[in-house]
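Colleague: The structure's right below; bear with me while I get my questions together.
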Amino acid sequence: MEPEYSATVVDHFEHPRNGGHFEAGEGVVRGTAGSVAQGTMFVLSARISDHRIEAVRFEAYGCPHCIAAGSWLSERLVGLDRDQLRAWRWRDADQALGFPLEKRGRLLILEDAVHSLGEAWPPFIP
């Protein structure tokens with residue numbers, strides 16, 4: 001049985017936004033979760049300015065749903081602060097993207113990557 005893809009998943013998979021990563025440096029944080037061996041991995045990097053995310057880049061390994069989720073998320077995290085990252089939950093992505101029930105575990109990995117990004121945010125970043 002072929003998985004069904006929502007229009008949003010198709011759009012973000014065929015036209016991913018903000019792929020890649022920011023090079024390590026001042027004002028850049030990175031969060032990661034999952035592994036290639038698990039079949040799903042997300043790497044998020046963000047540029048921080050004035051205590052908020054200014055821009056996000058993503059790298060994802062996994063199915064089309066994973067690529068779409070990383071792209072979708074890269075647009076949604078802009079403007080958030082560290083506490084908002086720590087509070088972010090996978091259900092927002094599920095509601096927007098319509099993941100099949102059997103693939104929702106991948107969104108838990110995405111949530112872990114977002115929380116990892118928040119934990120990597122040093123208190124001294126301007």
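The values are calculated or read from the model by the stated rules, or taken from the named source; none is laboratory data. Everything quoted here is computed from the prediction, not taken from an experiment. As a convention, Cβ positions derive from the backbone with ideal geometry for all residues, glycine included, and neighbour counts pool all protein chains shown.
Colleague: Name, by its number, the condition in (1) within 23 Å of Gln84 (Cα to Cα); (2) touching a residue at least 40 places away in the same chain (Cβ under 8 Å); (3) out of contact with any Gly (no Cβ under 8 Å at 6 or more places or on another chain) that does not hold for Gln38.
Modeller: So Gln38 meets the others, but not (1).
Colleague: Quickly run through the stretch 48-73 and pick out the residues that are of a type outside the set (S, T, N, Q), out of contact with any His (no Cβ under 9 Å at 6 or more places or on another chain) and not in a helix (DSSP H, G or I).
Modeller: Within the stretch 48-73, Ile48, Asp50, His51, Arg52, Ile53, Glu54, Ala55, Val56, Ala60, Tyr61, Gly62, Cys63 qualify.
Colleague: Please work out if Ala69 is surrounded by 15 or more Cβ atoms within 10 Å (Cβ to Cβ) and farther than 19 Å from Val43 by Cβ. Steps first, answer last, please.
Modeller: Values: surrounded by 15 or more Cβ atoms within 10 Å (Cβ to Cβ): yes; farther than 19 Å from Val43 by Cβ: no.
For Ala69, the condition - surrounded by 15 or more Cβ atoms within 10 Å (Cβ to Cβ) and farther than 19 Å from Val43 by Cβ - is not met.
Colleague: Mind checking which residues of the stretch 1-39 are hydrophobic (A, V, I, L, M, F, W, C), assigned to a helix (DSSP H, G or I) and surrounded by 12 or more Cβ atoms within 10 Å (Cβ to Cβ)?
Modeller: Val9, Val10, Phe13
Colleague: Being within 17 Å of His115 (Cβ to Cβ), among the polar types (S, T, N, Q) and either more than 9 Å from the chain's Cα centre (by Cα) or at pLDDT below 95 (or both) is the filter here, so list the residues in the stretch 58-98 that pass it.
Modeller: Gln84
Colleague: Looking at (1) farther than 18 Å from Pro122 by Cβ; (2) in contact with an Asp or Glu (Cβ under 7 Å, 6 or more places away or on another chain); (3) among the aliphatic types (A, V, I, L, M), which one does Ala68 not meet, given that it meets all the others?
Modeller: Status for Ala68: all satisfied but (2).
Colleague: In the stretch 99-125, what count of residues is obtained for those that are of a type in the set (Val, Ile, Thr), closer than 23 Å to Gly25 by Cα and under 11 Å from the mean Cα position of the chain (by Cα)?
Modeller: Of the residues in the stretch 99-125, 1 are of a type in the set (Val, Ile, Thr), closer than 23 Å to Gly25 by Cα and under 11 Å from the mean Cα position of the chain (by Cα).
Colleague: Do you know which of the residues in the stretch 15-34 that are out of contact with any helix residue (DSSP H, G or I) (no Cβ under 9 Å at 6 or more places or on another chain) and of a type outside the set (Phe, Trp, Tyr) is farthest from Trp121 (Cα to Cα)?
Modeller: So the residue we want is Gly20.
Colleague: Something else now. Only one residue in Arg86, Arg104, Arg82 is buried (at least 19 other Cβ atoms within 10 Å of the Cβ), more than 22 Å from Gly19 (Cβ to Cβ) and free of Cβ contacts under 8 Å to residues at least 40 places away in the same chain. Which one?
Modeller: Being buried (at least 19 other Cβ atoms within 10 Å of the Cβ), more than 22 Å from Gly19 (Cβ to Cβ) and free of Cβ contacts under 8 Å to residues at least 40 places away in the same chain holds for just one of Arg86, Arg104, Arg82, which is Arg82.
Colleague: Also, I was wondering about something else. Against the definition (surrounded by 20 or more Cβ atoms within 10 Å (Cβ to Cβ), at pLDDT 95 or above and either closer than 26 Å to Ala24 by Cβ or within 10 Å of the chain's Cα centre (by Cα) (or both)), how does Ala55 come out, yes or no?
Modeller: Spelling it out, it is not the case that Ala55 is surrounded by 20 or more Cβ atoms within 10 Å (Cβ to Cβ), at pLDDT 95 or above and either closer than 26 Å to Ala24 by Cβ or within 10 Å of the chain's Cα centre (by Cα) (or both).
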